[in-house]
Amino acid sequence: MQQGAQDEDLSKKLHIPIEIGHKLISKLIESKSLSYSPYSHFKVGCCLLIKNNETTSDGESFYSYVLGANIENASYGASICAERTTIVKALTSTTTTTTTCKDATNWVCIAIIGGCDNDDGGKIISPCGICRQVIREFVPLDFPIVMFNADASQWECKTMEQLLPDSFGPDHLTHS
Ligand code: THU
């Protein structure tokens, strides 16, 4: 399938304008370059797409892109995955344009990309179990998670619930 057609399908799936779909993919590719992965050499990038409440001067919806990447550590267990870097960054950001980051009702999707530099396309990647649980804390069960292969030539979209069925979440801790 042509890349352009892929982007169109993605935009339709996410109910976003085609140019936002294009930008999401280019931001996602950019996020992978932020990876610090000298141990695994496996670069993972993540982009959280947010639809802001404000519109531009010509009435267009305004979108924000929060980027994250995997940040490894010489003490391997201290490494942080791209998805968690992104979620924490969004929730703790204090800039004006990202005020709405903290309100997950404005979150459109989370996209991830990953692979080794020498991967030729490679397999579509998928969030690890810990990241699934962390994302689950903040998003509805029908929230889309878009997973790409290393060169963004292929993607697959699944809901939070598909990736983490029968999950435990904040709703289980509320007392009636
Ligand atoms: N990694 C992520 O960033 N996200 C995932 O969901 C899976 C794995 C990172 C962790 C480590 O830096 C590298 O990929 C290899 O496991």
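If each residue's Cβ is checked for other Cβ atoms within 10 Å, how do H172, H15 rank with the fewest at the top?
The fewest-first ordering by Cβ neighbours comes to H172, H15.
Taking the Cα atoms of segment 3-163, what is the range of coordinates along each of the three principal axes, in descending order and whole Å?
Rounded to whole Å, the extents work out to 47, 36, 29 Å.
Amide H neighbours of S79 under 5 Å, at least 5 residues apart or on other chains, H built in the peptide plane: list them.
Amide H neighbours of S79, under 5 Å, 5+ apart: N73.
Where the centroid of each part is defined by its Cα atoms, how far is segment 16-78 from segment 105-176 in Å?
Result: 13 Å between the Cα centres.
In what order do I71, I145 fall by count of nearby beta-carbon atoms within 10 Å, going from fewest to most?
Final ranking by Cβ density, sparse to dense: I71, I145.
Per the Kirkwood treatment, what hydrodynamic radius in Å, one decimal, follows for segment 86-176 from the mean inverse distance over all distinct Cα pairs?
Answer for segment 86-176: a Kirkwood hydrodynamic radius of 14.6 Å.
I need to check one value: relative contact order of the chain, counting alpha carbon pairs closer than 8 Å and at least 6 residues apart, in percent. Kindly include the intermediate steps, with their values, before the conclusion.
On the way: 331 pairs, mean separation 32.2, N = 176.
The normalised contact order for the chain reaches 18 percent.
How long, wide and thick is segment 29-109, going by the Cα atoms along their three principal axes, in whole angstroms, largest first?
Per principal axis, max minus min of the Cα coordinates gives 47, 22, 19 Å.
Which whole-percent values make up P(r) of segment 49-90 when all C-alpha to C-alpha distances are grouped in 5 Å steps starting at zero?
Spelled out bin by bin, segment 49-90 gives 6, 21, 18, 15, 11, 10, 8, 5, 4, 2, 0 percent.
Going by amide H atoms built from the backbone, whose H comes under 5 Å of the H on Y63, apart from near neighbours?
So Y63 has HN proximity to N52.
What are the ³J(HN,Hα) values, in whole Hz, obtained from phi via the Karplus relation 6.51 cos²θ - 1.76 cosθ + 1.60 with θ = phi - 60°, for each residue of segment 131-142 in sequence order, with x given for Gly and Pro?
So the Karplus estimates, Gly and Pro as x, are 5, 4, 5, 5, 5, 3, 4, 10, 10, x, 5, 8 Hz.
Any read-out appearing in this document is the output of simple, stated calculations on the displayed coordinates, not a laboratory observation. What you see is a predicted model, and the numbers here were worked out from it, not measured in a lab. Every residue, glycine as well, gets a Cβ built from its backbone with ideal geometry; the counts of neighbours run over all protein chains shown.
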